[in-house]
Structures are given as structure tokens and as C-alpha cells.
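Working notes, beginning with the structure itself.
Read-outs throughout are calculated quantities, based only on the coordinates presented, and are distinct from any laboratory measurement. Everything numeric in this text was worked out from a predicted model, so none of it was measured. Using ideal geometry, Cβ is built from the backbone for each residue, glycine included, and neighbour counts are taken over all protein chains shown.
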């Protein structure tokens, strides 16, 4: 860690923030049981429990404990952690815990949640009442501590599992909450804004109670209270800007209603679908012209009444809700609404429009046709498209991200600096095989115990008088490709078998039993 340029306080800040995220939203008196899923998608995709973010989190928690922990401070929430198990097994353990606590599992006192990507560093927490939608589960790499394999495209597989109603069975982690008679006080969905500076760090929760669904945005730090308090005013400014759009264009445009309850912002829950889902549906059905017309309408809305000079920077497609006829548009998540002086309004409008298209395409990787046409509808020329690298080249986006982070080093920044290598078991493994140095090494010692400490090499091993040959990686991930043997042999490994000749090892070994 010393070579990353990050200070101890950088890590303290992140892990102090992460500590308690799993349960801080629970009412007093709740009990919770958490566990990794034995059959999680991450495991099938090539990640291992041994190298999970949990190991890293626990190690940092010991070294950089949050204030109060070292003093033995007791949490108001009781949470226990179990060994990896299935959803059914965790529910059974929670039921036993409920009986011991005087709760009645039969009365619906056990509620299941699904932390994503996992329970160790959750970015969001889903429930049976609020499951993820296609395109949401794209942040799947959390191998902070070491390397991992990539057996298939996890984001695409998540989309397929979601479409087939199989998300809960393959969730990477589970959280069973035991709460007596307080189901209306429990959120059905939680999302953390974890990569921001403290003054912008918030949590978004969705509740489902007798009065219907509602969205609550709360500050996660004292410094973020001002940011939350500005939300209602932002909505009023957008309403003022678009108040005449319906009369002129025949489309109603407004901001989602918002009011304050204490330090929290309470926002109306919308039953409409998002503009993102509408566009994705158009493209999935091959209706590219309808998608282009919709993007042109969006661009017109962004540019409308620009002299008012109030801009919602994060006006991306998933933050706009539309009705089926596309004649009512409701803007939500307008926390980044600013008055921007001394700037060319055409540049700002182009930035917001192109940014929305960029993030739509980035979050919908499965869409193959129509992306060029969407950029064309957004006003991006073919020469611009050929060299389009939005995040790197766009000065507005760089300044926006700098403002949001304000020097804070978030989890994504830590991952970009500290992560292990993600080895694609198909293409990357094959590429590594072709790059193997063809140096011939005579492993003549007996017993033959080979340790891979650097670049992979070709080994010619004498077999006379030997019963076995063992290969170990030393603190690295490696692939072992068996070109052939001059005598019959049986292969055993606690690593991963890719095919009959190719094996992946990391803290594992491969043994050839000679006959």
C-alpha cells in the first residue's frame, strides 16, 4: 500500500464510512445475520472467498479502527456473520436466532436483503420487494487483495438472471433482518453514494408503507446536510425553467416533487418507467428511428430556455421518468443543479446531452445496434464519434468529477490503484500461453517441486524414477499448460481446471501423478 500515494487517513476515511453501512438504516432493536452465498455468481465467474474484499476490510478495520471501536463501543444493532451458505440455510439460522430473541418467524419478522456487490463493501442493498433491474449490476470487480479469474461477462449474466427471476439465488451475499412488527419502517432498497467528498455523501432509501412508496435522501455526514437541504430549491428552479414547455411543444416537463422532513429530503415515488428503459426497449425491438426521435426531444428539452441559465448536470436518461406516450417527462435526482455563469450555454447543453448518451451506452453494453445513431441524434458528428473518448477528453466532465470528489479518494479510486489483475480465462489465458518464454529448464531434483516465481517458462521434466511432479505459484497467479507427457499420468489440483490441458493456480498447486 505504501507505493500507492494514499495516506493512512485516506483509508481511515473510506473504511470508517463503510463500517456500519450494512445495518445503519435499521430501526433500534433489530437483529441481523449476514453471509456470503455459497453459490454466488461471483464464485462461478472466477472469484474466490479467500480473496474477497472482506479480508481486506477486516485487515484495515484492525489497523485503522474507526473512533470508538477501540474503546469497545457497542452497536445499537446486533449483527452476526456466518460462514458461506445458501439463502435457505441463512433463513433457517435467522429463524433460530429469532426464536432465541423472542421473535416469531411465522409472523413475518424475518426480511431478506441482498447487498451488492457483496456484504463487505455494499454499494446498494436490494430486497424481495425491490429487486435489481437489467443494466444496474455493472460494478462486479472488487478484487482489492489479489488477482482473480473472469470466466464470463458477469454484467450480461446478471441481466439474464434478472430477466429469468433468478437474482436472489445467485446474489453474492445475503442479509436476514429480524425485526418485530416494524416492516413498514424498513426500506425496500438502499443505495450509497460512496465515492463523493463528505459534504456530498448521501444515502437514498425507498420505503413501502401504508401511504405508498416514497424516496428518502438523507445525509450520511453532518457536512452533507446542506447538500440535501438544497434539493427542494433545485426542483423549483427546474419547474420555473420548463413551465411553458407544454404550451409551446405539447410535452409536459417538470421536476419530481420534494419536501424536507427534518434533515431528510422526501421525494415522490414515480410509477412511470425511466427514459433509459424506454430507449433500451426501442433499440431491443430494432426501432432505431423512435430512439433517435426520443433523444432529439431530450436534446430540445436540455436546450430549452437556456437564458434562464440553470442546468441539471446529471440529467441522464435514468434520472428522467416518462409516460408511455412520451408526452410527460419528470426530472428526478436533480441534486447537481447549478447556475453556471461565464460559460457558453451551447457547450453546456452539448455536454449534458452527450453525457447522457455516453452513460446510457456504457450501462447497456448488451445493445449492439443503434449506438452511432443515438450519438448522431445528440449532435455528435461522425469525425467526433470516431475519436470519441468521453471521460478522458471532456473538460466539463473532468471538472464536474473533481467538484464531486473535492480531493476525496473513494472506493473506485482505491480499486484503480490497489486491485489485482482480472484474468479472462478465455482470451487472456490464451494470450499468456503464446507469450511464454521457450527457455528449457531441466528440473532434475527429486522430489520434483517446482515454484513459479517470475515469468512462465517451458519446463522439460525428466520422469525416470519419479512418482509425482508438483507445481506451486509463489504469491502470484499463473496458468499451467501441459503440452504433453511421455508417460501416462493423472492430474490433480485444488486450483481451477480450464480444460484438460490448461489450469489456473493462485495459492493452489497442481500435481502430476506419474504411472
For the residues 472, 120, 513, what sequence is obtained by ranking on other C-beta atoms within 10 Å, fewest first? 513, 472, 120
For an R0 of 41 angstrom, estimate the FRET efficiency from the Cβ-Cβ distance between residue 239 and residue 497 and round to the nearest 0.05. 0.10
Fewest Cβ neighbours within 10 Å first, please rank 312, 333 accordingly. 333, 312
Treat the count of other C-beta atoms within 10 Å as a stand-in for reagent exposure and order 489, 203 from fewest to most. 489, 203
All-pairs alpha carbon distance profile, region 235-407, 10 Å steps from 0, percent: 9, 37, 38, 15, 1, 0
